[in-house]
1. When the residues of the range 299-324 are filtered to those that are more than 17 Å from the chain's Cα centre (by Cα) and among the aliphatic types (A, V, I, L, M), which remaining residue is farthest from residue 243 (Cα to Cα)?
2. Quick check on my filter: what residues within the range 140-163 are open to solvent by 30 Å² or more (accessible area, probe 1.4 Å), charged (D, E, K, R) and within 19 Å of the chain's Cα centre (by Cα)?
3. For the range 2-12, does any single residue satisfy the condition of being under 21 Å from residue 86 (Cβ atoms) and part of a loop (DSSP other than H, G, I, E, B)?
4. Please give the number of the condition residue 265 fails out of (1) open to solvent by 50 Å² or more (accessible area, probe 1.4 Å); (2) closer than 15 Å to residue 114 by Cα; (3) among the charged types (D, E, K, R).
5. Within the range 89-103, is even one residue touching a residue at least 60 places away in the same chain (Cβ under 8 Å) and either of a type in the set (Gly, Ala, Ser) or assigned to a loop (DSSP other than H, G, I, E, B) (or both)?
6. On the basis of being touching a strand residue (DSSP E or B) at 6+ places or on another chain (Cβ under 8 Å), without any contact (Cβ under 8 Å) to a residue 24 or more places away in the chain and open to solvent by 20 Å² or more (accessible area, probe 1.4 Å), does residue 178 make the cut?
7. Would you mind telling me which numbered condition in (1) within 28 Å of residue 221 (Cβ to Cβ); (2) touching a residue at least 60 places away in the same chain (Cβ under 8 Å); (3) touching a helix residue (DSSP H, G or I) at 6+ places or on another chain (Cβ under 7 Å) residue 31 fails?
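The values are calculated or read from the model by the stated rules, or taken from the named source; none is laboratory data. Owing to the predicted nature of the structure, the values given are computational and were not obtained by experimental measurement. All Cβ positions, even for glycine, are placed from backbone atoms using ideal geometry, and neighbour counts span all protein chains on display. With ligands, DNA and RNA removed, areas are computed over all heavy atoms of the protein, side chains included. Shrake-Rupley method; radii C 1.70, N 1.55, O 1.52, S 1.80 Å.
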Amino acid sequence: MLTLSQVDIKQIFTMKEAILASKEALAMHTRGKSIVPLRTNINIPNYHGQSLFMPAYSEELDITGVKIVSFFPNNVKTGKPSILGQMILIDGKDGEIFAMIDGTYLTQLRTGALQGAATDLLAKKDAKCALLIGTGGQAATQLEALLNVRDLDEVRVYGINYERTQQFVFKMQEELTQFKTRIIAISNCDKAVKEADIITTITSSKVPVFDGGLVQPGTHINGIGSYTPEMQELPESIIKVADKIFFDTKEGVLVEAGDIIIPLKNRSINKTNFTGDLGELILNIVKGRETNSEITIFKAVGTAVLDLVTAFRIYTKALNHRVK
């Protein structure tokens, strides 16, 4: 069995490859060539913890996998991370486990790559200014994905704590030196919303994190952070006026995403406002951006098929490196 750590993955697998894997996974899901059961959440009350099991199967790749992510807040007392994860890959032919891959970094990588895929397909080709809202554990790969799919002049970063935002920006400036894009910390995002060609949110907020009335025609918006019916990063006003709205998976978003569930309950929108899943766009079943004045939205909550396909592509790349 091959075991791959975060360091191993970073040495062999790029963000561009992860973006391609995300497109492959979503197209596969749209074609009906994957099975993604509901995740299982087991509470561990003695330690205030929980473990989530997220399985998936790919008919095309002939593999099964399950990502196990555990959240144990008391781990900080012993110096361990509060969130731990592993991805297990299983041969579809005989059920043998053949790889175990760091699930924490895999989640970060495929979440960033998913946004990168949407931005690549939906943002204006000549986009030059982006706004990233959120500086937590998922933010670094979100920024990296943006820089991989558009030749941006500037990315402005906003977080609820300006000092932490500055620290995040400094770290990203050191790590992403291959890009010429200016990365700037900001303390107020109103001006950035007005000037952004791309807005990406990656927070756990229960209230909208920017003013929808400031969004200009032609903007593409990625709602990546909120993943429960109570969370709402995106303002209802922008959901109402968007020209096209895409999901990673409709079945996931309509059950988990407050950004969409809340406007539906308020009757601000109805299901005719939805353009389709990103996989349908990849397969040319629906149309994407048609003019530079359209406001497009991509809302995602994640799906285990993304973990499965990305993990398998990492595994395949690792085997090739071992052979060499």
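1. Among them, the one singled out is 323.
2. Those that are open to solvent by 30 Å² or more (accessible area, probe 1.4 Å), charged (D, E, K, R) and within 19 Å of the chain's Cα centre (by Cα): 144, 156.
3. There is at least one residue in the range 2-12 that is under 21 Å from residue 86 (Cβ atoms) and part of a loop (DSSP other than H, G, I, E, B).
4. Every condition holds for residue 265 apart from (2).
5. Within the range 89-103, one or more residues are touching a residue at least 60 places away in the same chain (Cβ under 8 Å) and either of a type in the set (Gly, Ala, Ser) or assigned to a loop (DSSP other than H, G, I, E, B) (or both).
6. Judged against the criteria, residue 178 is not a match.
7. (3)
A quick yes/no check of all residues on (1) buried (at least 17 other Cβ atoms within 10 Å of the Cβ); (2) not aliphatic (A, V, I, L, M):
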{"residue": "18", "(1), (2)": "yes, no"}
{"residue": "24", "(1), (2)": "yes, yes"}
{"residue": "27", "(1), (2)": "yes, no"}
{"residue": "42", "(1), (2)": "no, no"}
